[in-house]
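Here the structure comes first, spelled out in structure tokens, and everything after it is commentary.
The values are calculated or read from the model by the stated rules, or taken from the named source; none is laboratory data. Not measured: the values here are computed from a predicted model. We place every Cβ from the backbone using ideal geometry, glycine too, and count neighbours over all the protein chains shown. All accessible areas refer to the heavy atoms of the entire protein, side chains included, with ligands and DNA or RNA removed. Shrake-Rupley method; radii C 1.70, N 1.55, O 1.52, S 1.80 Å.
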Amino acid sequence: MSELLHTLAEHVYTHQRSAEEMDKLTIEHPELTVDDAYEIQRLALELYHKAGDPLIGWKMGLTSKAKQRSVGVDEPIFGRLTRSMELHEGVLPLAGLIHPRVEPEMAFVIKRRLEGLVTPRDVWAATECVMPALEVIDSRYRNFSFTLVDVVADNASSARFLLADQAYSPYHTAWDEVGVVMRQNGDVVQTGAGAAILGHPVRSVVQLVHMLSRHGLAVEPGMVILAGGITEAVHVHPGDTLEIDFDGLGTLRLAVTEA
Ligand code: OOG
Ligand code: MG
């Protein structure tokens, strides 16, 4: 089994790097479990690490019922963020991506190690700041279609992310009540509120830490956590401009370019 998981991890890594679509792993390997899928995710990320692209954080995915329904999966998942996934300006070159989608997120930056059965107050005490953010997801599976096992093995569709320049104290506002409006080329395409993330984004961080603990993992100081999409993700095309307005907290802009 462990040899198969290594082989599949290399397969997934190759497609993540080449941006070529692949078939669902579960077509050929229906026997794979969710734990196998997290092991494939871990092994693929070892390959990123060997290529000089270290882990800098974690993401939660499928944290709202709407998102779970839209992809046909009924539980939250976690993925790994590496250094090369972070955008440092509001420009998204499509080179290296297959069929990207963009979604509004909230990011937590953690200053103290978090592990085990933490509570929301442990998370607040360990949070340096919270920032508006966006995530670019890009499933490596044909037609963006997958099962729970497939999407976990493909690192929860992680591709790119952008954090706002402005960081806020965790106590700055009620994060669940922050309204978000996403415009694409001037048209409103999605609206939502922080509460879409498991009722309150802090709950997503709590759940992440619980899930990591089951795998013997922890959130280390300095790491960034994307708490989950606040709305459905929208397809983007070359020439698009996206504006994501976080009520009272600023606007994130993204220009989509060919290369
Ligand atoms: C899985 C990743 C979802 C989120 O925030 O819900 C995600 C997918 O829909 O491809 O990043
Ligand atoms: Mg996301």
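For the reader, a short list of remarks on this structure follows.
- Using the Cβ of S145 as centre and a radius below 12 Å, the other residues enclosed give a net charge of -1, where K and R count +1 and D and E count -1.
- Cα gyration tensor category, rounded, prolate or oblate, for segment 33-142 with a/c compared to 1.5: rounded
- Electrostatic dipole magnitude of the chain [Cβ: Lys, Arg +1; Asp, Glu -1; Cα centre; debye, to 20]: 500 debye
- For segment 39-118, relative contact order (Cα pairs under 8 Å, six or more residues apart, normalised by length) works out to 24 percent.
- Here the chain yields Rg over Rh of 0.94, to two decimals, using C-alpha coordinates and the Kirkwood radius.
- Surrounding net charge for P120, when Lys and Arg each add one and Asp and Glu each subtract one, Cβ distance under 13 Å: 0
- Probe 1.4 Å, protein heavy atoms only - accessible area per residue of the chain in square angstrom: 43 Å²
- Computed over the chain, relative contact order equals 26 percent, with contacts defined as Cα pairs under 8 Å that lie 6+ residues apart.
- Working note: Karplus 6.51/-1.76/1.60 with θ = phi - 60° gives segment 195-205 the couplings 4, 4, 8, 6, x, 7, x, 4, 5, 5, 5 Hz, where Gly and Pro are set to x.
- Given charges at beta-carbon only (K, R positive; D, E negative), |dipole| of segment 111-191 in Debye: 160 debye
- Summing Lys and Arg as +1 and Asp and Glu as -1 over all other residues whose Cβ lies under 15 Å from the Cβ of G248 gives a net charge of -4.
- For segment 152-259, the normalised intensity computed at q = 0.09, 0.11, 0.12, 0.14 Å⁻¹ comes to -0.28, -0.42, -0.50, -0.68 (log10 of I(q)/I(0), Debye sum over alpha carbons, equal scatterers, no solvent).
- Along the axis of the charge dipole computed for segment 102-213 (Cβ charges of +1 for Lys and Arg, -1 for Asp and Glu, origin at the Cα centre), the listed residues Y141, V130, V206 are led at the positive end by V206.
- Dipole axis of segment 1-95 (+1 Lys, Arg; -1 Asp, Glu on Cβ), positive-most option in V12, L43, L92: L92
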